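Here's the structure we're looking at; comments come further down.
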Amino acid sequence: MSIPNSTRHRQRWLILFSLGDNVPLMTIALKQLSECPEHLETVGRWIYEEWWSKRCDSPEVVLNWLRSHTKLDTVPYSVIALAEGEPVGSCCVIENDCIHRPQYAPWVAAVYVRPDFRRRGIASMILHEAASIAARARIKGLFIDCLAVTASVYEKNGWAIYEREVGDKESVVMLRKIEFA
């Protein structure tokens, strides 16, 4: 089945998968937050609860930051995975996410999948879509700062360790080189 170019960037992945025996297939679509701003509060809550609650008092800081993700295929942007129209995962692509390496840009940050949807390949879908958007934006590579123990998740999605022990001894910087079509 061929998808017209005008639609291809808006709904890149349309995957049917089962969550287990006797569970119907679900449709997963990937969109940019700018295409579905009604999900901004859900994504903001995930980011705040997972990462930002220790450094800021209010989720409003995260929501204001996400409101800057307004243009398609332009950094900053966020990718959202939707299962039957409901958000189940996301990631952000931003200018910098590592205070120890300001010379690298842009960065993938806040990769999140709801616990009940993990281990289903959704994080991989989100990461691949983030890379596809980067290619359309003519970005040569994406960086991520992650714990070394999670590096294998990124390696299986085309990332390679770029630097070890950045910031703390348990962290690595990884790079996903982008090829243009």
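Every read-out reported here was derived from the displayed coordinates using simple, explicitly stated rules and does not represent laboratory data. Everything numeric here is computed off the predicted structure, so don't read it as measured data. All Cβ positions, glycine included, derive from the backbone under ideal geometry; neighbour counts span all protein chains shown.
The 3J(HN,Hα) values that the Karplus relation (6.51, -1.76, 1.60; θ = phi - 60°) gives for the range 105-118 are, in residue order, 6, x, 10, 8, 9, 6, 6, 9, 10, 3, x, 6, 10, 6 Hz. Gly and Pro appear as x.
Computed from phi, the 3J(HN,Hα) profile of the range 134-151 under the Karplus parametrisation 6.51, -1.76, 1.60 (θ = phi - 60°) reads 4, 4, 4, 7, 6, 8, 7, x, 10, 10, 8, 9, 9, 5, 4, 5, 9, 4 Hz, with x in place of Gly and Pro.
Between the residues 89, 161, 149, the greatest Cα displacement towards the positive end of the dipole of the range 89-181, with unit charges on the Cβ of Lys, Arg, Asp and Glu, is found for 89.
Taking the centroid of alpha carbons for each part, the range 152-181 and the range 62-112 are 17 Å apart. In this structure, the amide hydrogen of residue 89, modeled 1.01 Å from its nitrogen in the peptide plane, lies closer than 5 angstrom to those of 81, 114, counting only residues at least 5 positions away or on a different chain. Rounded to the nearest whole Hz, the Karplus-based 3J(HN,Hα) values (6.51 cos²θ - 1.76 cosθ + 1.60, θ = phi - 60°) of the range 42-47 follow the sequence 5, 4, x, 5, 4, 5, with x at glycine and proline. Please list, by residue number, every one of the GluC sites (Glu not before Pro) in the range 40-100 that is coil in DSSP and has at most 15 other beta-carbon atoms within 10 Å. Sparse-neighbourhood loop GluC sites (Glu not before Pro): 84, 95. For residue 169, the aspartates and glutamates whose Cα comes closer than 13 Å to its Cα, not counting residues fewer than 8 places off in the same chain, are 145.
Semi-axes of the equivalent ellipsoid for the chain, computed as √(5λ) from the eigenvalues of its C-alpha gyration tensor and ordered from largest down, come to 24, 19, 18 Å. The Kirkwood radius of the range 59-156, taken over pairs of alpha-carbon atoms, gives through the Stokes-Einstein law at 4 °C and 1.567 mPa s a diffusion coefficient of 92 µm² s⁻¹. About its Cα centre, the chain has a charge dipole of approximately 580 debye under the convention of +1 per Lys or Arg Cβ and -1 per Asp or Glu Cβ, with nothing else charged.
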